[in-house]
1. Which members of the range 1-19 meet the condition of being without any contact (Cβ under 8 Å) to a residue 24 or more places away in the chain, of a type outside the set (S, T, N, Q) and surrounded by 10 or more Cβ atoms within 10 Å (Cβ to Cβ)?
2. For the range 39-64, name all the residues that are hydrophobic (A, V, I, L, M, F, W, C) and surrounded by 14 or more Cβ atoms within 10 Å (Cβ to Cβ).
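Nothing in this text is a laboratory measurement; each read-out follows from the coordinates by a stated rule. Predicted, not measured: the structure shown is a model, and the values here were computed from it. Because the Cβ atoms are built from the backbone with ideal geometry, glycine has one as well, and the counts that use them run over all protein chains shown.
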Amino acid sequence: YLSGLLRTETGRSAKDHIYGFLIERAKTALLNPSHSVSEIAYTLGFDYPQNFSKLFKSKTGMSPKEFRSQN
């Protein structure tokens, strides 16, 4: 029910909202060089940093390391 309501109201699925939230938190965390990409992935709830990197790249067009080096 909630997913359908979200899609009707926003045009985006619940999964898209969750991924968007995770990516924004990741971007903020990546600006702090004291934490590794792996640490950020674990903090965001990913069991494997590779899955985090794959999602980040699919949503932003760049890897977490590329994002960090450009910002």
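1. Taking the range 1-19 as the starting set, the residues that turn out to be without any contact (Cβ under 8 Å) to a residue 24 or more places away in the chain are 1-18.
Applying the additional criterion that residues be of a type outside the set (S, T, N, Q) yields 1-2, 4-7, 9, 11-12, 14-18.
The answer is 4, 5, 6, 7, 12, 14, 15, 16, 17, 18.
2. Of the range 39-64, the ones hydrophobic (A, V, I, L, M, F, W, C) are 40-41, 44, 46, 52, 55-56, 62.
Result: 40, 41, 44, 46, 52, 55, 56.
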